[in-house]
Amino acid sequence: MTDAVQHLNLPPGPLDRHTINADPASLPVLARLTAEHGDIVCIHSKDRPHPSFFLNDPEHIRQVLIGNHGNYVKGVGFERVKMLLGNGIITSDGEFWRRQRTMMQPAFGRGSVARLSINVRDHNRELVPEWGKLADAGTTLNITAAMSHYGLEVILRSIFSTDLPRLVRESSPFAFLAEDPTRDIRTVLKVRELGRVILDCIRARRASGDRPYDFLSLFLDARDKKTGAAMSDEELLDELKTLIIAGHETSAGTLNWTWYLLHHHPDVKARLLEEIAARLPGSSWKYEEVMALDYMPRVLKETLRLYPPVWLFSRRAVGADRLGDYDVPAGAHIFISPYLFHRNARYWPEPERFDPERFAAPDAEEKERLHFIPFSAGSRRCAGEFFSFVEMQVHLAMLAPLYDLACVSEAPMSIDPAINLRSQSGIMMRISRRLPVASPT
């Protein structure tokens, strides 16, 4: 600890030193420290000269992510992500990030996503007979792997549309992203190889002038409002890598946990099926109708509360600040865990209980605003959040009424808190055809 830090009013914390990272060892440490010291904890590390602050209080979290967000840049751990994704909107900061985010945001608007949703529906139509064959054969389904493949296919179709068949004609260069969940140096090297494929597609699309309606075309035609400049090929490459990898993992992970939770909560499953039968009878429903459902998004939000896609993220203080009564020195590391924040009993009573009705309570809107951060908050909130909900809701609306998925093992599934929050292993499920649920007359 430096002399300057010794004279600051720092939050309480342990005497022993801990180096916090997005790894399995850090989760129990943070859970213990917040239980012992409260919702703001100061942690010193033998590897980092500046102190670390762990925040589990909504006001402190909002100040870092919203109120004084300009003072906080991406923190430790993002260098690993940057090796994988490049300088896309997840890893970039400052004026470059603002430029990229502003240029890309219209592509994620509701009108744009509505047009792109045809890719989502088309792929789910293809899954219907595939799952039927599995059900008729009595085959078990690794729903973790299935949802990873689903999320990847949807995002690839939404990015490359008419170019995708050519890109995967002989074998898919993207397949490893769904088949191998590890994100180590080998994955970084594979993604660099994949980057050449993506870059060739960017250049060919730009040169041809063809503009099918997909994310690639929308990003190609995006312009900086101040200068009128387009993204360079290299900037586009980093944004597309970010969208492919981060985009598919978010929806895939959430759907994996959703199917698991539906099995363990048959009352929730029954109510979800009743809503689908009543509001989306048959198979000719419209996009607007599935997005107008009430109970399904509550189920997904409650899944995200318990299993947020990223369990821990970090910031670094550029200048000095204060959080409540405590000093934050320049250079301090800030850690926020949606996983632990969503389990804070002060804000979520009986936090381990799966209860979608939390999001229908009179204070639900306020609770979401203050205590629910599965996609972060403020200006850095995930740009693809709405697209992710479309992808998940269309999937459940089309598959859940037709097939029942039951866990092979009743044992609770443990989590794997790495960079992304995953299940410890693939969740194996028995798949069977479901008897039709009659809609109310």
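The values are calculated or read from the model by the stated rules, or taken from the named source; none is laboratory data. Just so it is clear, the model here is predicted, and its values are computed rather than measured. Reconstructed Cβ throughout: ideal geometry from the backbone, glycine too, with neighbour counts over all protein chains shown.
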Of the conditions (1) surrounded by fewer than 21 Cβ atoms within 10 Å (Cβ to Cβ); (2) free of Cβ contacts under 8 Å to residues at least 60 places away in the same chain; (3) touching a strand residue (DSSP E or B) at 6+ places or on another chain (Cβ under 9 Å), the single one that His342 does not satisfy is (1)
Quick check: anything in region 121-144 surrounded by 20 or more Cβ atoms within 10 Å (Cβ to Cβ), under 30 Å from Asp325 (Cα atoms), in contact with a strand residue (DSSP E or B) (Cβ under 6 Å, 6 or more places away or on another chain) and hydroxyl-bearing (Ser, Thr, Tyr)?
no
Between a residue in region 212-230 that is free of Cβ contacts under 8 Å to residues at least 12 places away in the same chain and under 19 Å from Arg110 (Cα atoms) and any residue that is surrounded by fewer than 19 Cβ atoms within 10 Å (Cβ to Cβ) and not aliphatic (A, V, I, L, M), which pairs come within a Cβ distance under 8 Å, given they are 6 or more apart or on different chains?
Asp221/Arg211
Residue among Ala292, Ala332, Ala252, Ala317 that is buried (at least 17 other Cβ atoms within 10 Å of the Cβ), closer than 18 Å to Glu385 by Cβ and small (Gly, Ala, Ser)
Ala252
Please count how many residues of region 211-228 are exposed (fewer than 12 other Cβ atoms within 10 Å of the Cβ) and either more than 27 Å from the chain's Cα centre (by Cα) or assigned to a helix (DSSP H, G or I) (or both).
4
Restricting region 169-182 to residues that are of a type in the set (Gly, Ala, Ser) and without any contact (Cβ under 8 Å) to a residue 24 or more places away in the chain, the residue that is surrounded by the fewest Cβ atoms within 10 Å (Cβ to Cβ):
Ser171
Search region 420-441 for residues that are outside the structural domain of His248 (by TED's automatic domain parsing) and pair each with any residue that is at pLDDT below 90 and surrounded by 12 or more Cβ atoms within 10 Å (Cβ to Cβ) when their beta-carbon atoms are under 6 Å apart and the residues are at least 6 apart or on different chains.
Ser439/Pro281
If you check Arg166, Arg186, Arg157, Arg192, which single one turns out to be surrounded by 14 or more Cβ atoms within 10 Å (Cβ to Cβ), basic (Lys, Arg) and either out of contact with any Asp or Glu (no Cβ under 8 Å at 6 or more places or on another chain) or touching a residue at least 12 places away in the same chain (Cβ under 8 Å) (or both)?
Arg157
How many residues of region 347-370 are in contact with a Pro (Cβ under 9 Å, 6 or more places away or on another chain) and surrounded by fewer than 19 Cβ atoms within 10 Å (Cβ to Cβ)? The answer is 2
Tell me, yes or no, whether region 363-375 has at least one residue that is within 29 Å of Val81 (Cβ to Cβ), assigned by TED's automatic domain parsing to the domain that holds Leu304, assigned to a strand (DSSP E or B) and at pLDDT 95 or above.
yes
Residues located in region 286-325, provided they are part of a loop (DSSP other than H, G, I, E, B), under 27 Å from the mean Cα position of the chain (by Cα) and not small (Gly, Ala, Ser):
Lys286, Met291, Leu293, Asp294, Tyr307, Pro308, Pro309, Val310, Trp311, Leu312, Val318
